1. So which of GLY86, GLY66, GLY146, GLY118 ends up being buried (at least 23 other Cβ atoms within 10 Å of the Cβ) and either closer than 28 Å to ARG254 by Cα or modelled with pLDDT of 95 or more (or both)?
2. Pairs please, first residue from region 39-65 and part of a loop (DSSP other than H, G, I, E, B), second anywhere and among the polar types (S, T, N, Q), Cβ atoms under 7 Å, 6+ apart in sequence or on different chains.
3. How many residues are out of contact with any Pro (no Cβ under 9 Å at 6 or more places or on another chain) and either of a type outside the set (A, V, I, L, M) or without any contact (Cβ under 8 Å) to a residue 12 or more places away in the chain (or both) if we restrict to region 164-202?
4. Looking at PHE10, PHE90 in this structure, which one is in contact (Cβ under 8 Å) with a residue 12 or more places away in the chain and either charged (D, E, K, R) or part of a helix (DSSP H, G or I) (or both)?
5. Looking at ALA163, ALA197, ALA241, ALA186, can you tell me which residue is modelled with pLDDT of 90 or more, buried (at least 17 other Cβ atoms within 10 Å of the Cβ) and of a type outside the set (Asp, Glu)?
6. Mind checking which strands (runs of 3 or more DSSP E) fall wholly inside region 103-143 and carry at least 2 residues that are within 28 Å of ALA243 (Cβ to Cβ) and in contact (Cβ under 8 Å) with a residue 24 or more places away in the chain?
7. Select the helices (runs of 4 or more DSSP H) contained entirely in region 154-211, then report the ones holding at least 1 residues which are in contact with a Phe, Trp or Tyr (Cβ under 7 Å, 6 or more places away or on another chain) and on the phi < 0 side of the Ramachandran plot.
8. Give me the pairs: first residue in region 212-227 and in contact (Cβ under 8 Å) with a residue 12 or more places away in the chain, second residue assigned to a helix (DSSP H, G or I), beta-carbon distance under 7 Å, and six or more apart or on different chains, which are they?
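The values are calculated or read from the model by the stated rules, or taken from the named source; none is laboratory data. Given the structure is predicted, the values throughout are model-derived calculations rather than measurements. Note: ideal-geometry Cβ built from the backbone for every residue, glycine included; neighbour counts use all protein chains shown.
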Amino acid sequence: MTMIADETVFDHAAIAWRETGVATVTIRDSGPLNILSSAVMEDLCQAILHVSADPRLRVLVIRGQGDEAFVAGADVHEMVDLDEDGATAFITRLYNLCEAARKCPVPVIARLCGYCLGGGLQLAASCDIRLAAEGTKFGMPEVRVGMASIIHAALLPRLAGSAEAKWLLLTGEQIGTDEALRCGIATRVVPMDQLDAMIDKTVEGILSCGPNSIREQKKLLRRWEGEGVDRAISDSVSLFAEAYASGEPRHYLRAFITARRS
């Protein structure tokens with residue numbers, strides 16, 4: 001399929017268009033695991049908003065650079081030294097990013113492989129369709145570094161069911177694609193060498209539908225979620241700063257970074 005480079009350039013997000021109105025936003029220059037720093041979140045958010053505002057858009061695909069990860073989490077090296085104001089600013093950037101994906105007016109497909117952890121799983125949960133390669137690992141490890149999973153983690157009980165969401169959020173354990181598919185975190189799972197073909201097939205199916213009806217259906221799906229989820233997400237922003245006031249995130253994050261270096 002013909003890809004057309006977008007005229008807008010972001011340091012950490014690349015945009016490519018197909019002639020059919022399909023846009024792919026790719027995280028770039030964020031390490032092999034596509035870690036979400038403030039700069040990456042801002043650029044990725046702006047790229048998603050940019051394509052969302054374009055009337056040509058029919059489908060949006062969000063992916064990481066390479067195949068080692070979709071997103072393996074937020075930048076612990078940036079987070080470890082945050083104060084309360086910095087924590088609020090940091091989590092607000094993640095909130096804005098996930099909301100940009102969630103409120104995109106057309107179907108959003110997340111291309112998942114490798115690791116999909118923490119903020120990466122929140123971003124994936126904010127997408128409409130999650131297509132995963134076999135062997136992808138999913139997890140919400142925040143409790144292991146001294147903080148609760150907040151904002152778009154509120155989507156997980158609705159998406160995966162109460163039991164699986166409690167397992168992920170209260171243990172910090174990772175699950176594989178079998179469990180993710182069973183509970184609804186992954187929409188479909190295929191071998192790695194078939195992932196892009198599955199995405200193309202899904203895109204073609206959406207393109208075969210009426211563009212206006214797809215946009216209206218997306219709008220209705222958002223409305224059907226109800227206002228409860230919006231409040232659950234936005235009301236939790238302040239909890240991130242409160243966690244930093246306790247000092248617990250710094251303690252656990254430093255221990256986590258030290259363990260990785262040893």
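1. On the way: GLY86 fails: buried (at least 23 other Cβ atoms within 10 Å of the Cβ); GLY66 fails: buried (at least 23 other Cβ atoms within 10 Å of the Cβ); GLY146 fails: buried (at least 23 other Cβ atoms within 10 Å of the Cβ).
None of the others qualify; the one that does is GLY118.
2. Taking only residues 6 or more apart or on different chains, the pairs are ARG58/THR20; GLY64/ASN34; GLN65/THR26; GLN65/ASN34.
3. Total meeting the criteria: 18.
4. Numbers: PHE10 fails: either charged (D, E, K, R) or part of a helix (DSSP H, G or I) (or both).
Answer to the check: PHE90.
5. On the way: ALA163 fails: buried (at least 17 other Cβ atoms within 10 Å of the Cβ); ALA197 fails: buried (at least 17 other Cβ atoms within 10 Å of the Cβ); ALA241 fails: modelled with pLDDT of 90 or more.
Only one candidate qualifies: ALA186.
6. Numbers: elements: 108-112, 115-117, 129-133, 137-139.
It comes to 108-112, 115-117, 137-139.
7. On the way: elements: 156-160, 162-171, 177-183, 195-207.
Counting at least 1 such residues, we get 177-183.
8. Close Cβ pairs satisfying both conditions: ILE214/ILE206.
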